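The values are calculated or read from the model by the stated rules, or taken from the named source; none is laboratory data. This one's a predicted model, so the numbers in the text were calculated from it and none came from an experiment. Cβ sites come from the backbone with ideal geometry, for glycine too, and all protein chains shown count toward neighbours.
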Amino acid sequence: MTTTHDDLPLDRLEAWLRRHVEGFRGPLAAERFTGGQSNPTYKLQAASGPYVLRRKPPGPLLPSAHAVDREFRVMRGLQETPVPVPRVYALCEDDSVIGSAFYVMEFLDGRIFWQQSLPEVAPAERAAMFNSMNAVIAALHSVDYEAVGLGDFGRPGNYMGRQIARWSRQYRASETAAIAAMDDLIDWLPRHLPEEGAPAIVHGDYRMDNLVFHKTEPRVIGILDWELSTIGDPLADFAYHAMTWRVTPELFRGLAGIDFAAAGIPDEAEYVAAYCRRTGRESVAAWEFYMVYSLFRIAAIVQGIAKRAIEGTAASQEAVEVGRLARPFAEQAWSLARSL
């Protein structure tokens with residue numbers, strides 16, 4: 001869904017596009033996509049065709065957040081791999097053009113689904129879509145990141161320790177009210193770190209609504225929203241994706257409690273087993289730890305959205321409601337941690 005733009009200086013943007021995007025021809029029009037909480041995203045329409053622009057939001061931002069330059073770089077590195085990503089055209093780090101850094105990429109004409117249970121499609125198609133989603137994240141984690149020029153894209157080693165420290169800091173920086181479960185998790189997680197396996201490119205926010213599916217076929221044609229990508233522990237990335245099996249539809253578009261067989265959707269054990277087969281693993285020994293971490297991390301992320309909503313820099317009107325989820329996510333994570 002889009003709304004008409006009200007914050008893009010089209011004259012300056014069009015002049016920049018003519019200089020930096022091969023084959024670009026104006027005139028230029030823009031509409032802002034609604035939904036999502038992160039980097040404001042626009043559909044650009046020009047005589048040369050449609051494009052997508054993603055920018056940093058204006059205003060004060062948390063450290064290392066909204067890294068559009070990293071999004072651009074990882075998608076450029078993955079262009080010639082089996083991982084489906086939009087083609088990227090140009091990056092602008094000069095704030096004077098539109099007021100913040102941005103990049104321009106291909107517009108993928110496909111379908112985006114917000115409800116993980118896929119109520120609008122038939123069970124057989126659901127099964128194929130979940131299979132495609134699983135195959136794509138397995139393909140991502142199988143890419144040789146050195147070979148695609150991303151050897152310095154992150155720091156392999158102690159990824160989980162650094163991530164827990166990072167999200168603890170982000171949570172503290174955006175704290176608006178005390179959440180006892182978050183305090184407990186910040187203490188518990190560093191003391192229960194699993195042994196880390198081989199690093200891989202991690203997306204950081206791999207979920208259904210960050211994927212574009214083909215218009216008529218049940219397959220993924222593009223992964224979007226790479227701002228949290230780095231080199232790290234692929235099991236943490238996969239667990240964050242699989243967290244949807246632990247979250248109820250009422251809390252946040254999850255799958256917990258649905259009739260999987262009737263829906264044509266694999267249950268958590270089947271989905272994890274498929275990923276393990278594709279990536280050459282027998283199982284994931286510390287799976288429940290990764291689930292605690294994933295729930296903690298989403299709590300920290302939505303707390304950041306709550307803070308931005310209060311400051312008026314969040315990218316959507318839903319931000320206030322999403323921000324209220326920090327406490328129930330944290331409490332679910334702490335309940336699981338106590339059970340281990």
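Any idea which of Leu108, Leu44 is buried (at least 17 other Cβ atoms within 10 Å of the Cβ), touching a strand residue (DSSP E or B) at 6+ places or on another chain (Cβ under 7 Å) and under 30 Å from Val247 (Cα atoms)?
Sole residue among the options that is buried (at least 17 other Cβ atoms within 10 Å of the Cβ), touching a strand residue (DSSP E or B) at 6+ places or on another chain (Cβ under 7 Å) and under 30 Å from Val247 (Cα atoms): Leu108.
Can you spot a residue in the range 127-140 that is in a loop (DSSP other than H, G, I, E, B), in the same structural domain as Ile298 (by TED's automatic domain parsing) and either under 26 Å from Pro82 (Cβ atoms) or of a type in the set (D, E, K, R) (or both)?
The answer is no; no qualifying residue exists.
Give me the residue from the range 163-185 that is under 19 Å from Met291 (Cβ atoms), part of a helix (DSSP H, G or I) and not small (Gly, Ala, Ser) and, out of that set, farthest from the chain's Cα centre (by Cα).
Filtering first and then ranking leaves Asp184.
Scanning the range 222-237 for residues that are under 13 Å from the mean Cα position of the chain (by Cα) and part of a loop (DSSP other than H, G, I, E, B), which turns out surrounded by the most Cβ atoms within 10 Å (Cβ to Cβ)?
Going through the qualifying residues, I end up with Ser229.
Do any helices (runs of 4 or more DSSP H) lying entirely in the range 238-340 carry at least 1 residues that are buried (at least 16 other Cβ atoms within 10 Å of the Cβ), of a type outside the set (Lys, Arg) and touching a Lys or Arg at 6+ places or on another chain (Cβ under 9 Å), and which ones are they?
260-263, 268-279, 287-311, 319-323, 326-339
Starting from residues that are in contact (Cβ under 8 Å) with a residue 40 or more places away in the chain and buried (at least 20 other Cβ atoms within 10 Å of the Cβ), keep the ones in the range 186-208 and report whichever is nearest to the chain's Cα centre (by Cα).
Tyr206
Just name the residue that is surrounded by the most Cβ atoms within 10 Å (Cβ to Cβ) out of those in the range 62-79 that are part of a loop (DSSP other than H, G, I, E, B) and at pLDDT below 95.
Looking at the filtered set, the residue picked out is His66.
Hey, Ala15 hits all of (1) at pLDDT 90 or above; (2) closer than 30 Å to Glu311 by Cα; (3) surrounded by 14 or more Cβ atoms within 10 Å (Cβ to Cβ) but one; which does it fall short on?
Condition not satisfied by Ala15: (2).
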